[in-house]
């Protein structure tokens, strides 16, 4: 008998539902995974939930195990931690991370899962996809000892970048956000906090992750001459206006995009997707990163939860979904 499962689908923009799924038995080279936790990445997933993926980006924005198509119906998500129930003997019973949507059980190739190190709790490992984004951003940014750095936008991605930068020696670092409540997150990560008005300028490097026009404008203002903004925000179908007159040219500023879909060309030769994910999971041994998980709900609550996350009624960085009662 083939195993059954339930999955969260976006039925139409702004409306989600749980659907029954019949899984094929795992073939050779595949694993059957029972979900323990998944994570809602509030920025990208809520943009998908409201139907904000532009038609020109439908292919580029596909998640690895997405079903359906944008705007809907679509099964979307990429932060899943589970335990292997069937597959190669060396993986059975192991906790693994996979870029899989919100679903109680699933079958994927062995190559699609990464074993979670024993020192990393499964509940924290849902952050692996976001920490992987931060790793790639810092490969692109290439910060130097002694740099003056700001991270503008204290959401899930920005806070992950700040948490990794906090380990760099000799730098001046601030996490900048318009919401003073993000100061608590910064404190937990061991990072100085500032509102946009308080932020220190003269930065060699600014990582922007607020997904707002105002945030990107402020990021440019904080740069020293010859400084660089690494742009991590994705704006979906929204247009952004920037002050590229004024002193942008005379100060020789740079805005450079970073996107996790491609391994940074600045990475050491031979480092690919698997190595980048393994590094992200290894970095999650730091308990300070628990500060990025700001709420938890049962899988059955997802249809009612997503509208609240998308509207901002329920503030969140990463909202964790647990499956112990859903299997």
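Condition check: in contact with a helix residue (DSSP H, G or I) (Cβ under 7 Å, 6 or more places away or on another chain), crowded, with 16+ Cβ neighbours inside 10 Å and not assigned by TED's automatic domain parsing to the domain that holds residue 118. Does residue 264 satisfy that? So residue 264 fits the description; yes. Pairs are defined by a Cβ separation below 6 Å, a sequence spacing of at least 6 or placement on different chains, a first member in region 252-267 that is within 12 Å of residue 230 (Cα to Cα), and a second member that is in a loop (DSSP other than H, G, I, E, B); the pairs so defined are 258/232. Within region 316-327, the set of residues being in contact (Cβ under 8 Å) with a residue 40 or more places away in the chain and either surrounded by fewer than 15 Cβ atoms within 10 Å (Cβ to Cβ) or under 14 Å from the mean Cα position of the chain (by Cα) (or both) comprises 316, 317, 318, 319, 320, 324, 327. If you scan region 181-211, which residues turn out to be at pLDDT below 95 and out of contact with any helix residue (DSSP H, G or I) (no Cβ under 9 Å at 6 or more places or on another chain)? Listed by number, the list holds a single entry, 181.
Checking each residue of region 301-312 against the condition of being at pLDDT below 95, surrounded by 14 or more Cβ atoms within 10 Å (Cβ to Cβ), in contact with a helix residue (DSSP H, G or I) (Cβ under 8 Å, 6 or more places away or on another chain) and within 29 Å of residue 172 (Cα to Cα) gives no match. Working only within region 211-231, note down all residues that are under 20 Å from residue 143 (Cα atoms) and in a loop (DSSP other than H, G, I, E, B). 222 - this is the single residue of region 211-231 that is under 20 Å from residue 143 (Cα atoms) and in a loop (DSSP other than H, G, I, E, B).
Return a yes/no flag: does region 196-211 have any residue that is touching a residue at least 60 places away in the same chain (Cβ under 8 Å), surrounded by 14 or more Cβ atoms within 10 Å (Cβ to Cβ), under 17 Å from residue 156 (Cα atoms) and within 25 Å of the chain's Cα centre (by Cα). Yes, region 196-211 contains at least one residue that is touching a residue at least 60 places away in the same chain (Cβ under 8 Å), surrounded by 14 or more Cβ atoms within 10 Å (Cβ to Cβ), under 17 Å from residue 156 (Cα atoms) and within 25 Å of the chain's Cα centre (by Cα).
Does region 267-290 contain at least one residue that is over 20 Å from residue 78 (Cα atoms), in contact with a helix residue (DSSP H, G or I) (Cβ under 7 Å, 6 or more places away or on another chain), surrounded by 12 or more Cβ atoms within 10 Å (Cβ to Cβ) and in the same structural domain as residue 102 (by TED's automatic domain parsing)? Scanning region 267-290, I find at least one residue that is over 20 Å from residue 78 (Cα atoms), in contact with a helix residue (DSSP H, G or I) (Cβ under 7 Å, 6 or more places away or on another chain), surrounded by 12 or more Cβ atoms within 10 Å (Cβ to Cβ) and in the same structural domain as residue 102 (by TED's automatic domain parsing), so the answer is yes.
Matching residues to (1) in contact (Cβ under 8 Å) with a residue 24 or more places away in the chain; (2) crowded, with 17+ Cβ neighbours inside 10 Å; (3) over 21 Å from the mean Cα position of the chain (by Cα); (4) assigned by TED's automatic domain parsing to the domain that holds residue 191:
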residue: 95; (1), (2), (3), (4): yes, yes, no, no
residue: 100; (1), (2), (3), (4): yes, yes, no, no
residue: 107; (1), (2), (3), (4): yes, yes, yes, no
residue: 110; (1), (2), (3), (4): yes, no, yes, no
residue: 143; (1), (2), (3), (4): yes, yes, no, yes
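Criterion first (assigned to a helix (DSSP H, G or I), in contact (Cβ under 8 Å) with a residue 24 or more places away in the chain and either within 30 Å of residue 56 (Cβ to Cβ) or under 25 Å from the mean Cα position of the chain (by Cα) (or both)) does residue 236 satisfy it? So residue 236 does not fit the description; no.
The values are calculated or read from the model by the stated rules, or taken from the named source; none is laboratory data. Because the structure is a prediction, the values reported are computed rather than measured. Because the Cβ atoms are built from the backbone with ideal geometry, glycine has one as well, and the counts that use them run over all protein chains shown.
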